[in-house]
1. Regarding the stretch 20-140, what is the average projected area of its C-alpha convex hull, in nm²?
2. On a 1.4 Å probe surface of the protein chains, which of 163, 68 comes out largest in accessible area, and what is the full order?
3. What are the ³J(HN,Hα) values, in whole Hz, obtained from phi via the Karplus relation 6.51 cos²θ - 1.76 cosθ + 1.60 with θ = phi - 60°, for each residue of the stretch 116-122 in sequence order, with x given for Gly and Pro?
4. Heavy-atom accessible area of residue 104 with all protein chains present, probe 1.4 Å, nearest 10 Å²?
5. Scattering from the C-alpha atoms of the stretch 123-165 alone, worked out with Debye: what is log10 I(q)/I(0) at q = 0.19, 0.24, 0.27, 0.30 1/Å?
6. Rank these residues by their accessible area, most exposed first, probe 1.4 Å: 43, 87, 121.
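The values are calculated or read from the model by the stated rules, or taken from the named source; none is laboratory data. From a predicted model like this one, the values you see are computed outputs, not experimental measurements. With ligands, DNA and RNA removed, areas are computed over all heavy atoms of the protein, side chains included. Shrake-Rupley method; radii C 1.70, N 1.55, O 1.52, S 1.80 Å.
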Amino acid sequence: MQSSAYGASLAGGAFDVVHFVKQPQTILRCLSWLFSIVVFATITAEGYINQTKDQDAKCIFNANESACSYGVGIGVLAFMACVVFLIVDAYFPQISNAKERKVIVLGDLVFSGVWAFLWFICFCVLANQWSKTPDSTEAVAGDAARAIVTFSFFSIITWGLLCFFALERYRQGVNEFEQEYRDPANDQSTPYPPSPYASSGPTGYQQSPFSNNQEQPGEYQPPAY
């Protein structure tokens, strides 16, 4: 039976593409990657419009430049993070060191939790600013703004699930370590038999079996002729 740690075998077998694609975290990362593209690409392409009185393009979310910049920044960083974590997930079974796996799983757990929270802030900010946007802007960029807000909400779900699966992998690794490790001082199921010299008190002296056959020293018997 092969030992495992943090959801994968420690043997470091060959890369299985089918198993990798079917993993829940792989599917969620691909969805998160796609949602981030929709958010930052839509803001970049259709998130700024020119008003009739202004020459400079304004953000469609109540002309709030910070809202658009925040959405683009979160989306771009999420896009790059998904690519990095997908590569790490593909290489994860090849890592035989349990400590390195623990660091990777903890990094995934922390990053996914933080990014789920940042997407929640992004969704709240964009939805709030869109509710204050004038009707003239809504008529021009309504579809793009609703798509940005919707996929920001979907990103909260995917990153939250990624955080959940990372937490499960971390708990699995800790439980496996506790089950496999035994303290030698408390381990009573030793496979070795007790030592025959383990008695504490002195034992009685036993005469050598050859002593009876030995002649007393000093007694000479002449040979018979």
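1. Details: hull surface 34.3 nm².
Mean shadow area of the hull around the Cα atoms is 8.6 nm².
2. Numbers: 163 35, 68 0 Å².
Order by accessible area, largest first: 163, 68.
3. 5, 5, 5, 5, 5, 5, 4
4. About 40 Å², rounded to the nearest 10.
5. -0.59, -0.78, -0.90, -1.00
6. Details: 43 0, 87 110, 121 60 Å².
Reading off the accessible areas and sorting them downward yields 87, 121, 43.
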